[in-house]
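A short write-up of the structure that comes next.
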Amino acid sequence: MATEKPNVQDTFLNEARKAGRPLRVLLGNGKELRGKVTSFDAFTLTLATKGIELLVYKSAIAVIAPDEAPTDESKPPAAEAQA
């Protein structure tokens, strides 16, 4: 039998879970959740936030992104001072 490669979604969520990395979860209705993934399966993920765990259906999620401050690389270049 051929072994299946893990998909991108599972890899991203598993690495975030193992590292305890905080994430921003943007839902399709425009609401934003922030927290740490504690577990996930094919249809849901659990997000620990503010001392509670939320069960979030993946079908309701639009975007998942790291909840980190931007690095210097992502800032636009400073405008040159006018003389």
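Within the range 28-41, track down each residue that is over 18 Å from K18 (Cα atoms) and either touching an Asp or Glu at 6+ places or on another chain (Cβ under 8 Å) or free of Cβ contacts under 8 Å to residues at least 12 places away in the same chain (or both).
At the first step, the residues of the range 28-41 found to be over 18 Å from K18 (Cα atoms) are 28-33.
If the condition is that a residue be over 18 Å from K18 (Cα atoms) and either touching an Asp or Glu at 6+ places or on another chain (Cβ under 8 Å) or free of Cβ contacts under 8 Å to residues at least 12 places away in the same chain (or both), then G30, K31, E32 are the ones that fit.
For the range 42-58, what are the residues that are surrounded by 12 or more Cβ atoms within 10 Å (Cβ to Cβ) and in contact (Cβ under 8 Å) with a residue 12 or more places away in the chain? Spell out the reasoning first.
First, the residues of the range 42-58 that are surrounded by 12 or more Cβ atoms within 10 Å (Cβ to Cβ): 44-49, 53-54, 56, 58.
Matches in the range 42-58: T44, L45, L47, A48, T49, E53, L54, V56, K58.
So which residues in the range 1-26 are surrounded by 13 or more Cβ atoms within 10 Å (Cβ to Cβ) and more than 18 Å from E53 (Cβ to Cβ), if there are any at all? Steps first, please.
Taking the range 1-26 first, the residues surrounded by 13 or more Cβ atoms within 10 Å (Cβ to Cβ) are 9-10, 12-14, 16-17, 21-26.
The answer is Q9, D10, F12, L26.
Quick one: in the range 42-58, which of the residues that are assigned to a loop (DSSP other than H, G, I, E, B) and more than 15 Å from P22 (Cβ to Cβ) is modelled with the highest pLDDT?
For the range 42-58, the residue satisfying everything is F43.
Which residue pairs have Cβ atoms closer than 8 Å, lie 6 or more positions apart in sequence or on different chains, and pair a first residue in the range 1-25 that is within 13 Å of T46 (Cα to Cα) with a second residue that is of a type in the set (G, A, S) and in a helix (DSSP H, G or I)?
Every condition considered, the pairs that remain are L23/A16.
The values are calculated or read from the model by the stated rules, or taken from the named source; none is laboratory data. In this text the structure is predicted, and so the values were computed from the model without any measurement. Ideal geometry is used to build each Cβ from the backbone, glycine not excepted, and the neighbour counts take in all protein chains shown.
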